[in-house]
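Notes follow once the structure below has been shown.
Every number in this text was worked out from the coordinates using simple rules, so none of it is lab data. Everything numeric in this text was worked out from a predicted model, so none of it was measured. In this analysis, Cβ positions are derived from the backbone assuming ideal geometry, glycine residues included, and neighbour counts consider all displayed protein chains.
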Amino acid sequence: MKEQKPYVKATSDIFIKYLFGMDTKESDNLVISFINAVLIDSDFPEITKVIQKNPFNYKIFSTDKLSVLDIEVEDENHKLYNIEVQSSGNTHFRNRALYYWAKLYTSQGREGDLYDNLLPSIGINILDFTLFQELPAFHNFFIIAEGRKREYILTDQLIIHFLEIPKVKNKEISSKMISWLLYLKAEGKDNNMLKILLENDEDLKSAHEMYKAFNSNDKLRRYALSREKAENDRKHFLHMARKQGLEEGRQEGRQEGRQEGREQGGLEERHNVLIRLLELKYSLTADERKHIFSVTDFKKLDAALDAVVLANDKEDVLKQL
């Protein structure tokens, strides 16, 4: 009996990068199809051409299991798109999405360049969790509008889309956007929905062939699974460290009867988690660890923790302190 290969989710960030971020005609066609599904669903004009800004390169990404694998493309109208997939999260992801957009927007030019040369930047976030409990739609997008006159838009330079896969039900395939999200939900599973999707959509057939090619590549599949394990380990470590730190703070507070005990537990928790996460990605010197332990500002420590996964290097994190 043939051994079954471990299942790689279609919402794995490395597969999405492989699917939409290869510098090939097939990948370009698929990312155009996906972006157009988003644009049509939000009443924006379609695009016809893209240029890959950071194409898939296994050698670059394989050295860091916690690096961010997003897709950056530019269309024929010189608009920039950033596509990212996230398997889990909470309300803090709203800030993370804005941070990604800001990085894309500010990466265009250097200080002193004319601001009228900056290109509109559009963030597209594929979420395998529910971010907006209060909004029933699976697709929500945000722009900058005047607070009292919402019809007055400050600029077209910022648009951020959120696509929440759990909100998409299998009952009705009424748009290309729904088809794409249902595909990401169904791919790799033996179910009727995938069969229906592939029978009626040439783009999804092409995506399915790329998924099979990805899954048959032992190196890519192992890397995808190792990234998933690293992310799960990170979440588990954060959870356990937070639980331990809060319990220590509560015990110390009870013993001393003061708020300071709880605060001290919270500081130790943040110090230990930040050091552990940095050591998962980089190495730390004794002076750097000492510096982290010396920081007592909760906001600075939280900013550094948020920056760990997004950072390009260790200095991006430490400068938050």
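Using the 10 angstrom Cβ neighbour count as an exposure proxy, how do V31, V317 rank, fewest first?
Details: V31 22, V317 25.
The fewest-first ordering by Cβ neighbours comes to V31, V317.
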**Fill in**
Least to most buried among R222, R150, R94, by other C-beta atoms within 10 Å and fewest first, runs R150, R222, R94
**Prompt:** Computed from the mean reciprocal separation of all distinct C-alpha pairs, what Kirkwood hydrodynamic radius does region 13-216 have, in Å?
**Reply:** 17.9
**Asked** Residue-wise, which Karplus ³J(HN,Hα) couplings in Hz belong to region 291-301, taking 6.51 cos²θ - 1.76 cosθ + 1.60, θ = phi - 60°, and x for glycine or proline?
**Response** 5, 4, 5, 7, 7, 10, 8, 4, 5, 5, 5
**Prompt:** ³J(HN,Hα) across region 157-168 via Karplus (A = 6.51, B = -1.76, C = 1.60, θ = phi - 60°), whole Hz, x for Gly/Pro?
**Reply:** 6, 10, 9, 10, 9, 10, 10, 9, 4, x, 7, 7
**Message:** Tell me the Rg and the Dmax, in Å, that the Cα atoms of region 117-217 produce.
**Reply:** 17.1, 54
**Prompt:** In what order do Y99, Y183 fall by count of nearby beta-carbon atoms within 10 Å, going from fewest to most?
**Reply:** Y99, Y183
**Message:** Checking the table K17/K300; K195/K219; K167/K189; K103/K314; K17/K205; K9/K103 against a 24 Å threshold on Cα-Cα, which pairs fail?
**Reply:** K17/K300; K195/K219; K9/K103
**Complete:** Phi angles of region 148-156, converted by Karplus (6.51 cos²θ - 1.76 cosθ + 1.60, θ = phi - 60°) into ³J(HN,Hα) in whole Hz with x for Gly and Pro, give 9, 10, 4, 6, 8, 8, 5, 7, 9
